[in-house]
Amino acid sequence: MMDSAGAKNPSHSINHNDSVLGKVREHFPFRLYDMLEYAAADDGLRSIVTWSADGQSFSIHRKDIFMEHIVPKFFKITKFRSFVSTINLCSLE
């Protein structure tokens, strides 16, 4: 962002990035939960992603199908690495 003198204003970028990060941290866990519940309710998807027995974690069994058919219904993320990074960003490990 530029200020009135035409110089870049780094503080605005930091605030914008913090705002985006806050929104990701706020919304991602809920959308992730919805996605996992969606998969759990469908017998055909349980071979792709499942909750652990204690419900505290989940396992992805078919990464390719997961990213191609399940994730796009809930997120704009297209790469598995980005999906994992977002989980790490939200401290959901």
Using a basic spin-label model with each label point 7 Å from the Cα along Cα→Cβ, how many nm lie between Ser52 and Glu68?
2.9
For the residue pair Ser82 and His27, what label-to-label distance in nm results when each label sits 7 Å from Cα along the Cα-to-beta-carbon direction?
1.4
For Arg62, net neighbour charge (Lys/Arg +1, Asp/Glu -1) across residues whose Cβ lies under 15 Å away
-2
Which order do peptides 50-62, 75-87 fall in by mean Cβ count within 10 Å, highest first?
75-87, 50-62
Name the long-range amide H neighbours of Phe58: under 5 Å, sequence gap of 5 or more, or other chain; modelled H, no Pro or chain starts.
Ser52
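No lab work stands behind these numbers, since they all come straight from the coordinates. Worth saying up front: this structure is predicted, and the values here are computed from it rather than measured. Because the Cβ atoms are built from the backbone with ideal geometry, glycine has one as well, and the counts that use them run over all protein chains shown.
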